[in-house]
Every structure is written in C-alpha cells, then in structure tokens.
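Worksheet: one structure, shown below.
Values quoted throughout were computed directly from the atomic coordinates according to the rules given, and no laboratory measurement underlies them. Nothing here was measured: the structure is a model prediction, and the numbers come from that model.
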Amino acid sequence: FSTLFDVTYNNGWVYLMGYSTTTDNIRIRRMDTTLVNSKNILISNPDYSSLSGKSDTNKKKFGLAADALDNVYITGYSEDGSTTFTNADSDETVDGDEFRILAATTEIPWLAKLDSSFQYQWVVSPTQGDIPSFGANYKVAWDGNNSRIWWSGSYTGTSGLAMQEGSDVSSRLLLPGE
C-alpha cells in the first residue's frame, strides 16, 4: 500500500484497506497474525489513479469493518466512469471474474459485503434525488449486539437519500433530507 486508509483486527485477522500505486487500485487485504495466508480484493476506477495526489478528504471516504462471522463490510466512493469490484491474488493480479461494475457520472458512495471466504456478496449505493454533492468521512461499523451494519457519511441537498438492494424496490429505505 502506498496510502493506508483503514485497518481493523477481528477474530485473529488483520484487515487493511488502502491505495496501491502498483495497480492504481483500492486494495483490501486480509492476513492472519503471522502476516501470511492473505486474501485480496481490488476495486478499480479511472479516478483512483489520482488518489495519491488528492486531499486527505477524499482518502477519508474509504473504510472497513468486520463482524463476528468474519464477514467484511467496506465503503468508498466512485466517480466518473466505471468502478469494478474483483478478487485478486497476492500480487494484485485479478483472480476471477468481475463481481460488479458500478457506473457513475458524478460521485456516488457505495457499501459492499465480503463473506468469510473473502468473496463478494453484494455492492449497493444510494439512489440520489437532487443531491449536489456527497461529503467526506464515509464510515462503516458492525454492531454485534444488534447484528446491524451502521453506515454513515454526509451530503448536501434538500431531498432525501434512499438505499435498496439492487432493483428490488421493496427493500428501499428512504433517509429524509434536513
């Protein structure tokens, strides 16, 4: 990693999230405490190549958390273009098919879940109303007492924000604007 965004420890695993200048990608890595037995995923977007020169504000838009079953929740943002979520081997070479591609014409945040085998389960992003811009400091946390994911961030605008599972509008949750 040339820039480390977040680190967490859970059930004997160390999870790291950061920017890799080797591939101009966001990389999430899981290692045991001997620093071997690693698993990697890559998240790529043409805009990420400029992260090394961007302000600290943009670097705070990435985070991760793990639950008691070793599922991992990651958050970040996509900008103009396509963002690709893939598995990778230890030398950051894509290992397998793309899991999901998000297309965006403006900045959008996203939240993803990896299972205990470090395989993608889902990637979601809020649907937007008239939201001029998203803020910084996206965070994700696992609440073990209530078995919930908490995701936070900020935005400016007068309309609300909604999250849903893919095209399933019955899962839509509206978060009103203030």
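A few points about this structure:
- Phe62 long-range amide H proximity, modeled H, under 5 Å: Tyr138
- Here the 3J(HN,Hα) profile of segment 42-49, calculated from phi with Karplus coefficients 6.51, -1.76 and 1.60 at θ = phi - 60°, is 10, 10, 10, 7, x, 5, 5, 4 Hz, Gly and Pro shown as x.
- Built amide H within the under 5 Å cut-off of Ala88, gap 5+: Asn40, Ile41, Leu42, Asp95
- Rounded to whole Hz, the Karplus (6.51, -1.76, 1.60) HN-Hα couplings of segment 110-121, x for glycine and proline: 9, 9, 10, 10, 10, 7, 5, 8, 6, 10, 4, 9
- Each residue of segment 59-66 is assigned a 3J(HN,Hα), and the resulting list reads 6, 7, 8, 10, x, 8, 8, 10 Hz, derived from the Karplus form 6.51 cos²θ - 1.76 cosθ + 1.60 (θ = phi - 60°), x at Gly and Pro.
- Built amide H within the under 5 Å cut-off of Asp6, gap 5+: Met17
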